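Take a look at the structure below.
The values are calculated or read from the model by the stated rules, or taken from the named source; none is laboratory data. Since this is a predicted model, take the numbers as computed values, not measurements. No Cβ is skipped: glycine too gets one built from the backbone with ideal geometry, and neighbour counts run over all protein chains shown. The accessibility values were calculated without ligands, DNA or RNA, using every heavy atom of the protein model including side chains. Shrake-Rupley method; radii C 1.70, N 1.55, O 1.52, S 1.80 Å.
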Amino acid sequence: MRLFAHANYDFLGRRRIAYLITLAIMLPGLLVLLLRGVNYSVEFTGGTLIQVQSSKRVDVGSVRSALSARGIEGAEIQTFGSERELVIRARLAEVGTDQNDTQAAGKALQQALDSSLGAGSYTILRTEAVGPKVGGELRHKALMAILLSFLAVLAYLAYRFEWRFGVAAIIATAHDIIASIAFIGIVRLEVSLFVVAGLMTIIGYSLNDTIVIFDRIRENLHLQKREHLETILNRSINETLPRTVFTGTTALGSLLALAILGGDVVRPFALLMLFGVIVGTFSSIFIAAPALLEIEKRWPGPATRGHMAPPKAAPSTPARKPQTVG
């Protein structure tokens, strides 16, 4: 059974509707980020994370009160797997100690847990401490990694196709990153190294999907000499539609299982990737190809110069005047 075997959808004709949809997602999310700011994890801000397991059910309210009594305000407390296991994240700016002293911050957290849970009634399963200088360096390196990936994508596509294809792919990838950041703002995901890894994975997924369509566009440009470029773009998207839909559906199934069963540590990555697969598929169809069309209209390349105008109709042969006999 083949689905989409004879697909013939006018994707480019509906691109303006697609633009409105993507703006409806990006603008509210970016507005939320501007108003609330980015919710960085302790890896980027500096702070202490402690995961503890108690011998009895833990009252989150009493733990929060004990932390406040020790001068630790605004700490994030959440159960982890069961009601006897907690993860506490306290940023250095929220701990009433020297902001460069992660050991003092960790000690203050343990003292608060001793007063709340009772000394010896809990086990520390994991401790992470990051200084503010290290957190700032991680933020800088994460941003540089994303920017360098853009340059690598542009160089690769310029070599494999031509620079016009590379710019169109960069526009689609930038759209995916901005939309994903907006999604982070809307659902208030904590930006950790897992989330940065998710952003990098979205770039790779979206790029792979775009290259499949661009490969078919390049083939059809050589095979269909008299077709208009917009017709070729639509045909190429329709011909690769089964692969696009089935690859995305398979990825979504795996990510859905991760989001449900992966636990609190993996769940932010899985949620971001669920959105990223959807938006990456969307951009490959509705952003990359229209961007390529607009670029080729302004700066046509050697492969598309013969496809920018619809083929002219063959001139009609003028009717011969009847000749008189006689």
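From the alpha carbon centroid of the range 52-84 to that of the range 164-208 is 34 Å. As I understand it, the dipole of the range 152-302 uses +1 on the Cβ of Lys and Arg and -1 on the Cβ of Asp and Glu, about the Cα centre. Which of ALA168, GLY204, VAL245 lies farthest toward its positive end? Projecting each Cα onto the dipole axis, the largest value belongs to ALA168. Simple point charges give the picture: +1 on the Cβ of Lys and Arg, -1 on the Cβ of Asp and Glu, and for the range 176-286 a dipole about the Cα centre of about 160 debye. With every protein chain in place and a 1.4 angstrom probe, the accessible-area ranking of TYR159, TYR40, largest first, reads TYR159, TYR40. The aspartates and glutamates whose alpha-carbon is closer than 18 Å to the alpha-carbon of LYS107, local same-chain residues fewer than 8 away aside, are GLU73, GLU76, GLU94, ASP98, GLU128. Taking only protein heavy atoms and a 1.4 Å probe, the accessible area of the range 110-256 is 65% carbon and sulfur.
Once you have a ≥ b ≥ c as the square roots of the Cα gyration tensor eigenvalues for the range 165-240, tell me rounded if a/c is under 1.5, and otherwise prolate or oblate according to whether a/b is larger than b/c. In terms of gyration-tensor shape, prolate. Remark on LEU125: its backbone amide H falls under 5 Å from those of GLN51, VAL52, GLN53, a criterion applied only to residues 5 or more positions apart or on other chains, H modelled at 1.01 Å from N. Here the Karplus relation 6.51 cos²θ - 1.76 cosθ + 1.60, evaluated at θ = phi - 60°, turns the backbone of the range 175-191 into coupling constants of 4, 5, 5, 5, 5, 5, 5, 4, 4, 4, x, 5, 8, 6, 5, 6, 7 Hz, with x for every Gly and Pro.
Under 5 Å from the amide H of GLU73 lie the amide H atoms of GLY96, each residue being 5 or more positions distant or on a separate chain, with H modelled from the backbone and absent for Pro and chain starts. For ALA7, nonlocal amide neighbours, meaning residues 5 or more places apart or on other chains whose placed amide H falls under 5 Å from its own, do not occur.
State whether the range 124-196 is rounded, prolate or oblate according to the following rule on the C-alpha gyration tensor (a ≥ b ≥ c being the square roots of its eigenvalues): a/c under 1.5 gives rounded; otherwise a/b larger than b/c gives prolate, and the remaining case gives oblate.
On the way: a/c = 3.41, a/b = 2.00, b/c = 1.71.
Prolate shape, in that a/c is at least 1.5 and a/b is the bigger ratio.
Only aspartates and glutamates eight or more places from LYS297 in sequence, or on another chain, were considered; those with a Cα closer than 17 Å are GLU162, GLU227, GLU230.
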